[in-house]
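Visitor: Following this message is one structure expressed as structure tokens.
The values are calculated or read from the model by the stated rules, or taken from the named source; none is laboratory data. None of the values given here were measured: they were computed from a predicted structure. Reconstructed Cβ throughout: ideal geometry from the backbone, glycine too, with neighbour counts over all protein chains shown. Just so you know, the surface numbers come from the protein's heavy atoms only, side chains and all, with ligands and any DNA or RNA stripped out. Shrake-Rupley method; radii C 1.70, N 1.55, O 1.52, S 1.80 Å.
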Amino acid sequence: MKNKLLKDGEIGIFALGGLGEVGKNTYIYEIEDQIFIIDAGILFPDDSLLGIDYVIPDYDYLVQNEERIVGLFITHGHEDHIGGIPYLLKKVNIPRIYASGIAVDLIEYKFQEHPDIKPPQIEEFKANYSYKFKGVEVSFIRLNHSIPDMFGIVLDTKHGPLFHTGDFKIDFTPVGPPAEYEKLTALSKRGALCLLSDSTNAEKEGTTPSEGKIGKSIDELFQNIDGRIIIVTFASNLYRIQQIIEATVLTNRKIAVFGRSMERAIEAGQQSGYINAPKGTFVDSDKINDFPPSEVVLLCTGSQGEPLAALSRIANGSHKFIKTMPDDTVIFSSSPIPGNQEGINKIINALFKSGINVIVHSPITDTHTSGHGAQNDLKMMLSLVRPKFFIPVHGEHRMLKIHQNLAIDCGIKEENTLVMDNGDVAALTADSIRLAGRVQSGDIYIDGTGVGDVGNKVLKERAKLSQDGMFSIIVSINSKNRKLITNPSVISRGFIYMKGSTELTSELANDVVALVNEKLASDEIINIEYLKTDITKFLDEKIYELTLRNPLVIPIIVDVAN
């Protein structure tokens with residue numbers, strides 16, 4: 001089904017996720033009536049999404065246009081770029097997945113976790129590969145990020161090349177292979193039509209520090225610490241993990257790994273050659289007490305304050321193998337994701353209470369650097385590619401807007417730039433760019449094994465329960481005789497203490513009796529759902545009037561006539 005928003009010959013570009021947010025990256029390119037999908041990520045929920053594990057995009061547009069999809073192209077292996085793949089495959093037939101290096105291993109792990117899906121073939125590409133489709137050639141440019149094998153994706157079209165950066169920073173002393181800057185300048189010489197560039201750090205001035213600088217800092221820290229070292233970082237940051245291993249070997253220590261995601265990442269890193277350690281460097285977690293504390297490094301998950309992660313359990317004393325010692329030093333080789341600072345602070349406070357030394361990233365102790373480019377990095381990308389049109393992606397709206405202004409500063413005409421939301425469709429030709437309209441987009445919530453069965457109504461109810469609790473009243477009636485059978489029963493959870501509030505509950509119960517008797521005595525047909533609605537509305541107003549609180553009101557009506 002052709003996209004009716006596009007005119008003949010136009011290229012369509014839009015996002016199902018990744019615009020107005022940091023995560024859920026899923027970008028759609030429509031060229032010559034073909035659909036190219038770049039990335040399929042998830043979004044980690046903030047505190048407002050109570051009980052939600054992940055957020056994925058609404059894939060309805062792809063379901064309706066499944067026959068036009070030629071493939072899913074992956075820039076790199078972070079969860080906000082590959083985490084949605086199993087859920088996408090449950091809804092949409094994807095002919096082939098194109099991925100490289102460590103991303104292939106991480107995607108295959110996901111297939112093992114979802115045995116109910118039939119995965120398509122994964123085509124593993126390298127930097128010099130290209131794939132030809134009808135009127136389109138797809139090729140790749142290696143860039144630097146916090147995970148190996150990060151590739152920007154080039155789509156060559158009759159109008160000129162489009163370049164989707166993925167996540168990147170400019171790093172002239174990277175830990176892994178260098179970026180292919182010569183390919184970026186070649187894009188400029190070929191007349192780059194449009195650049196879509198990562199905006200995550202668009203608010204940060206200057207340049208993102210090199211990953212190589214952090215390795216030297218970790219080496220120095222390890223050499224100056226006498227006791228046991230507990231270090232936490234992102235499980236996906238394989239370069240950082242390798243730096244920690246090298247510092248461990250340098251100081252003649254052993255390393256034990258805690259956390260399933262960390263174990264899996266190291267296994268994938270060893271398979272791909274990015275994680276290397278001399279034999280005997282790693283020890284089993286239950287053997288750490290066989291060594292003096294000064295010879296031990298514990299590599300843990302929990303850098304974002306996750307309640308069930310290894311570091312959280314160490315801090316609260318519930319970990320199976322690790323009990324804190326006064327000479328322990330905890331190093332945070334990470335930075336807080338927005339919204340996670342409170343959870344991290346709780347852990348740090350608990351560690352300090354135990355008398356433990358805690359080191360976090362600061363100008364004095366360089367324990368972390370971002371994988372995303374700051375303003376000078378973004379300007380460098382713009383200057384190397386020199387595109388005719390520009391669309392900032394991967395960021396909250398203010399980040400996209402700032403990135404747009406950086407592009408204008410670099411000489412791109414303002415009318416040649418677009419700041420869009422998820423679902424907005426950009427239509428491009430060799431000479432023009434315009435907003436063509438919108439396609440369906442939105443958020444789908446994953447709660448346990450349920451996908452999409454929790455909506456905004458349920459989340460509002462959860463919010464009410466978490467803030468003001470629940471008030472339930474059980475009423476028994478006989479709708480045929482139109483009589484109340486017994487006095488109502490009241491149940492409260494998280495709202496009031498029942499034993500100390502008999503006067504309040506009696507008043508509310510009596511008011512409900514009066515309301516129900518009034519309805520039963522009228523000539524109206526008794527509709528149980530309508531009666532529930534009337535009771536809920538009455539109690540909402542009455543309870544707020546008496547208590548200034550808004551508990552979740554749940555009326556239960558038992559009709560003995562049925």
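Visitor: Residue 489 to residue 4: FRET efficiency via 1/(1 + (r/R0)^6), r the Cβ-Cβ distance, R0 60 Å, to the nearest 0.05?
Guide: With a Förster radius of 60 Å, E is 0.60.
Visitor: With a ≥ b ≥ c the root eigenvalues of the C-alpha gyration tensor of the chain, is it rounded (a/c under 1.5), prolate (a/b larger than b/c) or oblate?
Guide: Here the chain falls in the oblate category.
Visitor: Let me ask something else about it. Please give the helix 375-385 orientation as an angle from the longest Cα principal axis of the chain, in degrees from 0 to 90, rounded to the nearest 10.
Guide: Rounded to the nearest ten degrees, it is 60.
Visitor: If each of residue 474 and residue 124 carries a label point 7 Å out from its Cα toward its Cβ, how far apart are those two points in nm?
Guide: 6.1 nm
Visitor: Let me ask something else. Quick check: at a probe of 1.4 Å, how many percent of the accessible area of segment 17-132 sits on carbon and sulfur atoms?
Guide: 44 percent
Visitor: In addition: Please give every one of the lysines within straight-line cross-link reach of residue 519, meaning a C-alpha to C-alpha distance under 24 Å, and leave out same-chain neighbours fewer than 8 residues apart.
Guide: Those lysines meeting the cut-off are 480, 483, 532, 537, 542.
Visitor: If you don't mind, another one. Would you mind computing Rg(Cα) / (2.2 N^0.38 Å) for segment 8-147, counting N as its residues?
Guide: Ratio of Rg to 2.2 N^0.38 Å for segment 8-147: 1.04.
Visitor: If you don't mind, another one. Carbon and sulfur together cover what percent of the accessible area of segment 341-426 at a 1.4 Å probe radius?
Guide: 50 percent
Visitor: Give the average over all directions of the projected area of the C-alpha convex hull of segment 242-399, one decimal, in nm².
Guide: 12.4 nm²
Visitor: Now for a different question. If R0 is 30 Å, what FRET efficiency do you get for residue 277 and residue 376 from their C-beta distance, rounded to 0.05?
Guide: Computed FRET efficiency for residue 277 and residue 376 comes out at 0.30.
Visitor: By per-residue mean of other Cβ atoms within 10 Å, what is the highest-first order of 36-42, 489-495, 418-424?
Guide: Ranked from most to least packed, the peptides come out as 36-42, 418-424, 489-495.
Visitor: Using a ≥ b ≥ c from the Cα gyration tensor of segment 243-294 (square roots of the eigenvalues), is it rounded, prolate or oblate, where a/c under 1.5 gives rounded and otherwise the larger of a/b and b/c decides, a/b for prolate?
Guide: It is oblate, given that a/c is not under 1.5 and a/b is not larger than b/c.
Visitor: Rolling a 1.4 Å sphere over the protein heavy atoms, what is the accessible area per residue of the chain, to the nearest Å²?
Guide: Computed with neighbouring chains in place, this is 45 Å² per residue.
Visitor: Give me the extension gain from residue 134 to residue 527: residue separation times 0.36 nm, minus the current Cα-Cα distance, reported in nm with one decimal.
Guide: Extra length from residue 134 to residue 527 when fully extended: 135.4 nm.
Visitor: Apply 1/(1 + (r/R0)^6) to the Cβ-Cβ distance of residue 353 and residue 294, taking R0 = 22 Å, and write down the FRET efficiency to the nearest 0.05.
Guide: With a Förster radius of 22 Å, E is 0.40.
Visitor: Could you tell me which trypsin sites (Lys or Arg not before Pro) in segment 334-434 are loop residues by DSSP with no more than 11 other beta carbons within 10 angstrom of their beta carbon?
Guide: 413
Visitor: Beyond 21 Å, how much of the Cα-Cα pair distribution for segment 181-267 remains, as a whole percent?
Guide: 53 percent
Visitor: What do you get for the angle between helix 397-409 and the principal long axis of the chain? Use alpha-carbon atoms, 0 to 90 degrees, nearest ten.
Guide: So the inclination is approximately 30 degrees.
Visitor: Going through segment 485-558, which GluC sites (Glu not before Pro) have at most 13 other Cβ atoms within 10 Å and a DSSP loop state?
Guide: When the GluC sites (Glu not before Pro) of segment 485-558 are filtered for loop state and at most 13 Cβ neighbours within 10 Å, 524 remain.
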